[in-house]
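Asker: Submitted below is the structure of interest, expressed as structure tokens.
The values are calculated or read from the model by the stated rules, or taken from the named source; none is laboratory data. Computed from a prediction, not measured in an experiment: that's the story for all the values here. Note that we place each Cβ from the backbone using ideal geometry, even for glycine, and neighbour counts take in every protein chain shown.
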Amino acid sequence: MTEPLKTLAVWKFASCDGCQLSILDCEDELLAIAGAIRIANFTEASSHVIDGPYDLSLVEGSITTAHDAERIREVRAQSRFLVTIGACATAGGIQALRNFADVAEYRRVVYARPDYIETLATSTPIAQHVKVDFELRGCPIDKRQLLEVLSAYLHHRKPVISTESVCTECKRRGNPCVMVAHGTPCLGPVTQAGCGAICPAFNRGCYGCFGPMESPNAASLADRMAQLGMTEPELQRVFRTFNAGAAAFRAEGERHGR
């Protein structure tokens, strides 16, 4: 990176808009960033759009239609750097549950005129379609991590985002382990940190919102949760939520689907 960043674009694909709202939640921090980078394309926040190319693109959402598969290539062509934000963009999102089902049957049951619906049989992360420079996990993303990513690209360095597990955040908060103390199944040991261990802080197991940590031992954790009383269908279900399409969670979900 040799030149300062000048323009930022934010793009939406198949998603709930939660990660874009996390950007808007930055409020005062965004005002400071706006002094260093021009927000040129962010339709969630403004109808005013400046044509590309763009120095940095933030992309929310997964690819679920042929049209979007083409559109993401256009976004990539206009972007010096492209960062995906959130579980949909990095792992296919909750809509990746379609990857394990019959989408044609879903269309038939849900829509009065399924022939009007144009969709792919799968929901896939952005990285399966174009080169991605960095992936920011979460459902939704954490605004502190977002600010770190923006700051990193402004200062020509690699973002420093923890790849530790949620268990490390529990330790820092002084949370008792919900699996040890209460026998509550929890995905914390295999989930990447970033949320601040919100659910375990309220005696609930982690739901895996930030996807698999760097080297998860999902099989070992599943065996422990089975010892706590979870059935095979329940084990499959716990790995098939926000990050069902992430490799480690997908493999473990399939292991309990036989």
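Asker: Where in region 49-135 are the helices (runs of 4 or more DSSP H), entirely inside, with at least 3 residues that are farther than 30 Å from Val238 by Cβ and modelled with pLDDT of 95 or more?
Answerer: On the way: elements: 66-78, 87-91, 103-110.
Output list reads 66-78.
So that you can scan it fast, the table gives a plain yes or no per residue for (1) under 22 Å from the mean Cα position of the chain (by Cα); (2) surrounded by fewer than 22 Cβ atoms within 10 Å (Cβ to Cβ); (3) under 17 Å from Phe242 (Cα atoms):
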{"residue": "Cys16", "(1), (2), (3)": "yes, yes, yes"}
{"residue": "Cys19", "(1), (2), (3)": "yes, no, yes"}
{"residue": "Ile23", "(1), (2), (3)": "yes, no, no"}
{"residue": "Ala32", "(1), (2), (3)": "no, yes, no"}
{"residue": "Ala40", "(1), (2), (3)": "no, yes, no"}
{"residue": "Glu60", "(1), (2), (3)": "yes, no, yes"}
{"residue": "Ile85", "(1), (2), (3)": "yes, no, yes"}
{"residue": "Thr90", "(1), (2), (3)": "yes, no, yes"}
{"residue": "Ala104", "(1), (2), (3)": "no, yes, no"}
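Asker: Give all pairs with beta carbons closer than 9 Å in which a residue from region 221-240 that is in contact (Cβ under 8 Å) with a residue 12 or more places away in the chain meets a residue that is of a type in the set (Ser, Thr, Tyr); count only pairs at least 6 apart in sequence or on separate chains.
Answerer: Note: pairs meeting the criteria are Leu228/Thr184; Val238/Tyr207.
Asker: Consider Arg144 carefully, then state whether it is in a helix (DSSP H, G or I) and not assigned by TED's automatic domain parsing to the domain that holds Ala226. Can you show your working first?
Answerer: On the way: in a helix (DSSP H, G or I): yes; not assigned by TED's automatic domain parsing to the domain that holds Ala226: yes.
Yes, satisfied.
Asker: When residues of region 24-38 are filtered for being touching a helix residue (DSSP H, G or I) at 6+ places or on another chain (Cβ under 8 Å) and either in a loop (DSSP other than H, G, I, E, B) or polar (S, T, N, Q) (or both), how many remain?
Answerer: Taking region 24-38 first, the residues touching a helix residue (DSSP H, G or I) at 6+ places or on another chain (Cβ under 8 Å) are 24-26, 29-30, 33, 36-37.
Those left that are additionally either in a loop (DSSP other than H, G, I, E, B) or polar (S, T, N, Q) (or both): 25-26, 36-37.
Summing the residues that are touching a helix residue (DSSP H, G or I) at 6+ places or on another chain (Cβ under 8 Å) and either in a loop (DSSP other than H, G, I, E, B) or polar (S, T, N, Q) (or both) in region 24-38 gives 4.
Asker: Restricting to region 42-58, and then to whatever is within 27 Å of Thr122 (Cα to Cα) and either in contact with a Pro (Cβ under 7 Å, 6 or more places away or on another chain) or not hydrophobic (A, V, I, L, M, F, W, C) (or both), can you tell me which residue is surrounded by the most Cβ atoms within 10 Å (Cβ to Cβ)?
Answerer: Once the filter is applied, the top-ranked residue is Ser57.
Asker: Sticking with this structure for a sec: If we keep just the residues of region 62-76 that are of a type in the set (A, V, I, L, M, F, W, C) and more than 17 Å from the chain's Cα centre (by Cα), which is surrounded by the most Cβ atoms within 10 Å (Cβ to Cβ)? Write out each step before concluding.
Answerer: Filtering region 62-76 for residues of a type in the set (A, V, I, L, M, F, W, C) gives 63, 66, 69, 72, 75.
Applying the additional criterion that residues be more than 17 Å from the chain's Cα centre (by Cα) yields 66, 69, 75.
Values: Ala66: 11, Ala69: 16, Val75: 21.
My answer is Val75.
Asker: Return yes or no: is Thr7 among the β-branched types (Val, Ile, Thr), more than 23 Å from Arg157 (Cα to Cα) and surrounded by 14 or more Cβ atoms within 10 Å (Cβ to Cβ)? Give the steps one after another, and end with the answer.
Answerer: Values: among the β-branched types (Val, Ile, Thr): yes; more than 23 Å from Arg157 (Cα to Cα): no; surrounded by 14 or more Cβ atoms within 10 Å (Cβ to Cβ): yes.
It is false that Thr7 is among the β-branched types (Val, Ile, Thr), more than 23 Å from Arg157 (Cα to Cα) and surrounded by 14 or more Cβ atoms within 10 Å (Cβ to Cβ).
Asker: State the number of residues belonging to region 155-175 that are touching a residue at least 60 places away in the same chain (Cβ under 8 Å) and outside any loop (DSSP other than H, G, I, E, B).
Answerer: 0
Asker: Among Arg204, Arg250, which is among the basic types (Lys, Arg), in a helix (DSSP H, G or I) and surrounded by fewer than 22 Cβ atoms within 10 Å (Cβ to Cβ)? Spell out how you get there, then give the answer.
Answerer: Values: Arg204 fails: in a helix (DSSP H, G or I).
Result of the check over Arg204, Arg250: Arg250.
Asker: Does Gly183 meet the test of being of a type in the set (Gly, Ala, Ser) and touching a residue at least 60 places away in the same chain (Cβ under 8 Å)?
Answerer: Working: of a type in the set (Gly, Ala, Ser): yes; touching a residue at least 60 places away in the same chain (Cβ under 8 Å): no.
The answer is no for Gly183.
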